[in-house]
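Each remark here refers to the structure printed beneath this line.
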Amino acid sequence: MNRLFSFLYGTASYAACLATFLYLAGFVGNFGVPKSMDSPADGPWQTALMIDLGLLILFALQHSVMARPAFKRVLTRVVPEAIERSTYVLASSVAMLMLFWQWRPLGGTVWDVQGQLAKVLLYGGYAFGWVLLLFATFVINHFDLFGLRQVWRHLFGKSQSDLEFGTPLLYRVVRHPLYIGWLCIFWSTPVMTVAHLVFALVTTAYIFAAIQLEERDLIAKHPEYAAYRQQVPMIVPGMPRRVAIPPSARTAAVAK
């Protein structure tokens, strides 16, 4: 029963995450949702700005703190290891849903692109961001990233195992294609309101801070990542290349 519950919990967390992502697409893109990022302003802009910044900081803290190895070790003393990732995914969805619920539009327009071709290109950039984001998750391991692989293995009594370090497809061109997808999503808009600009600036700053934390953890877990980082650019894509990992780094990884 414990295995079945873990599997159902992981599946429900994944479903909640997918629903949150669908809502996020409409929230940022201003379509198909009752209240979007750029809905009409209501109330003093100073109050709205403080609330929005608080919501963004809350999400950033949840997303980063729960991703750190030290927090994972504490969490797995409370919940089974098999649902640690699913719990992270669920908590991230809750934090994002809180942002949707309490977000306060600010009013004001920073830019409003009128040219039809420019609009098409910007909407295309927004769509490209979502496609890249989804594709990048499958290039690594979509189901491990969202916790389904772990609960599936647990359901059949298999021990948990970490994925080996690899550099598939996109990851030979740039180290963080997922974050490129997010940046395209946040910045590709023909109408940039003040609220959207605040959202884009804060999330961009968070992305670059998160990269530093994430890469520190990756080097600790996969020593060969240090050599990979020296060869492949972080955000601005380079030419596809064959990544060379020194034998010493491979030996250290195997020893760990």
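The values are calculated or read from the model by the stated rules, or taken from the named source; none is laboratory data. What you see is a predicted model; the values in this text were computed from it and never measured. Please note: Cβ atoms are built from the backbone with ideal geometry, for glycine as well, and neighbour counts cover all protein chains shown.
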Just a yes or no: is a residue in region 80-92 without any contact (Cβ under 8 Å) to a residue 12 or more places away in the chain and not basic (K, R)?
-> no
Looking across region 1-16 at residues that are more than 23 Å from L134 (Cβ to Cβ) and out of contact with any Leu (no Cβ under 9 Å at 6 or more places or on another chain), the single one that is surrounded by the fewest Cβ atoms within 10 Å (Cβ to Cβ) is M1
Counting only helices (runs of 4 or more DSSP H) entirely within region 98-205, those with at least 2 residues that are surrounded by fewer than 19 Cβ atoms within 10 Å (Cβ to Cβ), within 18 Å of the chain's Cα centre (by Cα) and not hydrophobic (A, V, I, L, M, F, W, C) are 116-140, 142-145
So, first residue under 17 Å from Y88 (Cβ atoms) in region 5-28, second residue outside any helix (DSSP H, G or I), Cβ within less than 8 Å, six or more apart or across chains; the pairs are S6/P80; G10/G147; S13/F146; S13/G147; Y14/F146; Y14/G147; C17/F146
Working only within region 18-34, note down all residues that are over 18 Å from V191 (Cβ atoms) and either assigned to a loop (DSSP other than H, G, I, E, B) or touching a strand residue (DSSP E or B) at 6+ places or on another chain (Cβ under 8 Å) (or both).
-> P34
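Residue by residue, here is whether (1) in contact with a Ser or Thr (Cβ under 7 Å, 6 or more places away or on another chain); (2) of a type outside the set (A, V, I, L, M, F, W, C); (3) surrounded by 16 or more Cβ atoms within 10 Å (Cβ to Cβ); (4) at pLDDT 95 or above holds:
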| site | (1), (2), (3), (4) |
| --- | --- |
| L18 | no, no, no, yes |
| L24 | no, no, yes, yes |
| S39 | no, yes, yes, no |
| D42 | no, yes, no, no |
| T47 | no, yes, no, no |
| L55 | no, no, yes, yes |
| H63 | yes, yes, yes, no |
| T76 | no, yes, no, no |
| S93 | yes, yes, yes, yes |
Please specify each residue of region 59-87 satisfying the condition of being of a type in the set (K, R) and assigned to a helix (DSSP H, G or I).
-> K72, R73, R85
Residue in region 77-91 that is over 26 Å from R3 (Cα atoms) and of a type in the set (D, E) present = no
Do you know which of the residues in region 229-250 that are among the basic types (K, R) and assigned to a loop (DSSP other than H, G, I, E, B) is modelled with the highest pLDDT?
-> R242
May I ask you to say which residue of A253, A220, A226 is at pLDDT below 95 and touching a Pro at 6+ places or on another chain (Cβ under 7 Å)?
-> A253
